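Colleague: Sharing a structure below in structure tokens format, with a few things to ask.
The values are calculated or read from the model by the stated rules, or taken from the named source; none is laboratory data. The structure displayed is predicted, hence computed values, not measured ones. Glycine also receives a Cβ, built like all others from the backbone with ideal geometry; neighbour counts cover every protein chain displayed.
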Amino acid sequence: MIDRRNTRQIHVGSIPVGGGAEVTVQSMTTTKTADVDGTLAQVYALTGAGADIVRITCNDVAAAQGLAEIVPRSPVPIVADIHFQYKLALAALEAGVHALRLNPGNIRNEAHIKEVARAAGERGVPIRIGVNGGSLDKDLLAKYGSAVPEALVESAQTEIRYLEDVGFHDIKISVKHSHVPTMVESYRLLSERVDYPLHLGVTEAGPPPGGLIKSVAGIATLLLEGIGDTIRFSLTADPVEEAKAGRQLLEYLGLRDRAGLDLIACPSCGRAEVDVIEVAGEAQRRLEEANLPIQVAVMGCVVNGPGEAREADIGIAAGRGKGHLFIKGHVVRVVPEAEMVDALLDEAQKLLDEGVEARLAAADGIAEQLAAEAAEELLQIQGDANHAQDRRARVAEIAKSE
Ligand code: SF4
């Protein structure tokens, strides 16, 4: 279990962040904010993919005006992303946004920052101090020579002081960097110094799969140490992918309940009786379409499949032209191979409707026996690659010996 660091709690609209609240997923729209309908369509798509909070750029007057129409129609809280122009932060507040993100690297005037903090404070709107390795304050860059963790954290702490000076404490902070070890070290350092909630991300991570790997490496490392209250994957991809990935990561780490499919599949090997990649791909597509929140295993052979995937809610293993459908490791039905994905979908739905006990009770009485026979046949044909039978015999001999 992850022992999460204790932080203060803030609220982004109705969503609590920090202070023991569930870790939340954020993403950012890529549309022009002035395109109200296009941006709202993307906000809805991101929400459907798992985003709890969505950030939208507020880069000009038309964008601020767009926010005034988007915010009241959004299904989730909206954060306005502000760079360079503090007046756009004031305009975004007037548009009704639920939070601001300020970049201390390019809004550097103390009086301007304090003016924004006072206006946000009057409306009960939190501010994310969004430090970014690529746009670090020029003075800090000169002082440290590069965007090292100490420089990122100093930037955040200077901005915190400005906000606290005017009695503003509704703060969350990010210290993002595109280099994973630097990002991890920066957040560790920051978490030792402040108790404000932290927004995690590897900035400019790039397109998948590299961008996903970098993001997971940085974000998961910190989450497992109990650091982090809200996350964003910054992928060069459809933002729906980053919302999905963020949500999946939290589910895989046990930080959020399963809301969608968790498909596990064996990597396949010489024993595989079907094209596991193809079957797993079809199963994933159809189970996602059906939107079933369940853990499903697709295993290439019945010799090892049901046993290796016994933790899965439900699974399918191929063998001798048949699909062996199993629930919690118990084979409940045997169907022709061509029908195995259909049967998997049918049984997954029944399992969700009726529960494990009921579906185990409804199992075909000879399914386990048919699976055992198919596994034995395969062992005869393919050989016992692991020499399991010999070993069993030797183990028994040793156990019985005087
Ligand atoms: S389940 Fe069967 S096919 Fe898949 S990796 Fe294991 S032994 Fe190979």
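Colleague: Just checking, does the stretch 16-35 include any residue being surrounded by 22 or more Cβ atoms within 10 Å (Cβ to Cβ), assigned by TED's automatic domain parsing to the domain that holds residue 154 and more than 22 Å from the chain's Cα centre (by Cα)?
Modeller: Yes, the stretch 16-35 contains at least one residue that is surrounded by 22 or more Cβ atoms within 10 Å (Cβ to Cβ), assigned by TED's automatic domain parsing to the domain that holds residue 154 and more than 22 Å from the chain's Cα centre (by Cα).
Colleague: Across the stretch 216-236, what is the total count of residues that are buried (at least 24 other Cβ atoms within 10 Å of the Cβ) and not β-branched (Val, Ile, Thr)?
Modeller: The total comes to 6.
Colleague: Please verify whether residue 297 is within 20 Å of residue 377 (Cα to Cα) and surrounded by 23 or more Cβ atoms within 10 Å (Cβ to Cβ), treating the condition exactly as stated.
Modeller: So residue 297 does not fit the description; no.
Colleague: Take the stretch 88-134 and flag every residue that is part of a helix (DSSP H, G or I) and under 18 Å from residue 200 (Cβ atoms).
Modeller: Kept after step one, since they are part of a helix (DSSP H, G or I), are these residues of the stretch 88-134: 88-94, 110-123, 133-134.
Once the filter is applied, which keeps residues that are part of a helix (DSSP H, G or I) and under 18 Å from residue 200 (Cβ atoms), the stretch 88-134 yields 133, 134.
Colleague: Condition check: under 31 Å from the mean Cα position of the chain (by Cα) and charged (D, E, K, R). Does residue 354 satisfy that? Give the steps one after another, and end with the answer.
Modeller: On the way: under 31 Å from the mean Cα position of the chain (by Cα): yes; charged (D, E, K, R): yes.
It is true that residue 354 is under 31 Å from the mean Cα position of the chain (by Cα) and charged (D, E, K, R).
Colleague: Can you tell me which residue among 316, 366 is crowded, with 22+ Cβ neighbours inside 10 Å and free of Cβ contacts under 8 Å to residues at least 40 places away in the same chain?
Modeller: After applying the criteria, what remains is 316.
Colleague: Also, quick follow-up: For the stretch 239-268: of the residues being part of a loop (DSSP other than H, G, I, E, B) and in contact (Cβ under 8 Å) with a residue 60 or more places away in the chain, which is surrounded by the fewest Cβ atoms within 10 Å (Cβ to Cβ)?
Modeller: Quick first cut of the stretch 239-268, residues part of a loop (DSSP other than H, G, I, E, B) only: 253-261, 266-268.
In the following step, the residues that additionally are in contact (Cβ under 8 Å) with a residue 60 or more places away in the chain were identified as 253-256, 259-260.
Values: 253: 15, 254: 10, 255: 17, 256: 19, 259: 12, 260: 17.
Ranking the candidates gives 254 first.
Colleague: Please find, among 148, 184, 202, the residue that is assigned by TED's automatic domain parsing to the domain that holds residue 234, closer than 21 Å to residue 80 by Cα and among the β-branched types (Val, Ile, Thr). Spell out how you get there, then give the answer.
Modeller: Details: 148 fails: closer than 21 Å to residue 80 by Cα; 184 fails: closer than 21 Å to residue 80 by Cα.
Exactly one of 148, 184, 202 is assigned by TED's automatic domain parsing to the domain that holds residue 234, closer than 21 Å to residue 80 by Cα and among the β-branched types (Val, Ile, Thr), namely 202.
Colleague: State all residues of the stretch 10-30 that are assigned to a loop (DSSP other than H, G, I, E, B), touching a strand residue (DSSP E or B) at 6+ places or on another chain (Cβ under 9 Å) and among the small types (Gly, Ala, Ser); if no residue qualifies, say none.
Modeller: Passing the criteria: 13, 18, 19, 21.
Colleague: Restricting attention to the stretch 187-215, and to residues there that are in contact with a Gly (Cβ under 8 Å, 6 or more places away or on another chain) and not in a loop (DSSP other than H, G, I, E, B), which single residue is surrounded by the fewest Cβ atoms within 10 Å (Cβ to Cβ)?
Modeller: The selected residue is 214.
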